[in-house]
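Shown next, in structure tokens, is the structure this report addresses.
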Amino acid sequence: MKTRFLIAAFSLSTFVGIANAKTIQVTVDGLVCAFCAQGIEKKMKVQSATDKVFVSLEKKIVAVSLKDGQDISDDKLQTEITDAGYVVKDIKRSDESLDAVRARVKGREATK
């Protein structure tokens, strides 16, 4: 019984941590030009949970910062990006700020 409780508590804390992520980073195949980047950025910005969007053509990354207490499901991200004609390779959620993601991708430290 104690083991089940610990597993349930760990699972819930992991789920809550993911649900409270600040940033979603999606690796996307098919991003080749500025027009592609603008299209993806526009598609992500219309999501009600989206605060800001960063797209890196070089690294093929779309990063979305979320509004406080909001989320976009992986299924929704997958559908939106696939419907736009791109292939989702990976989706990662983190507490890293969008500015930190941008700085890391561009190879410099984020300013605080």
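Computed from the Cα positions only, the extents of segment 28-91 along the three principal axes stand at 33, 19, 17 Å, in decreasing order. Local charge for VAL55 was computed over the other residues whose Cβ lies under 14 Å away, with Lys and Arg +1 and Asp and Glu -1, and equals +4. Excluding same-chain neighbours fewer than eight residues apart, the lysines reachable from LYS42 by a Cα-Cα span under 25 Å are LYS22, LYS52, LYS59, LYS60, LYS67, LYS76, LYS89, LYS92, LYS106. Measuring nothing but protein heavy atoms, the accessible surface of segment 15-94 at 1.4 Å probe radius is 50 percent carbon and sulfur. Once the 1.4 Å probe is applied to the protein heavy atoms, segment 29-112 comes out at 63 Å² accessible per residue. Apply the Debye scattering formula to segment 57-112, with a single equal point scatterer on each alpha-carbon and no solvent, then give log10 I(q)/I(0) at q = 0.16, 0.18, 0.27, 0.29 Å⁻¹. With one equal scatterer per Cα and no solvent, log10 I(q)/I(0) is -0.58, -0.72, -1.22, -1.27.
The values are calculated or read from the model by the stated rules, or taken from the named source; none is laboratory data. Computed from a prediction, not measured in an experiment: that's the story for all the values here. Glycine also receives a Cβ, built like all others from the backbone with ideal geometry; neighbour counts cover every protein chain displayed. Side chains are part of the model used for accessible areas, which takes the heavy atoms of the whole protein and leaves out ligands, DNA and RNA. Shrake-Rupley method; radii C 1.70, N 1.55, O 1.52, S 1.80 Å.
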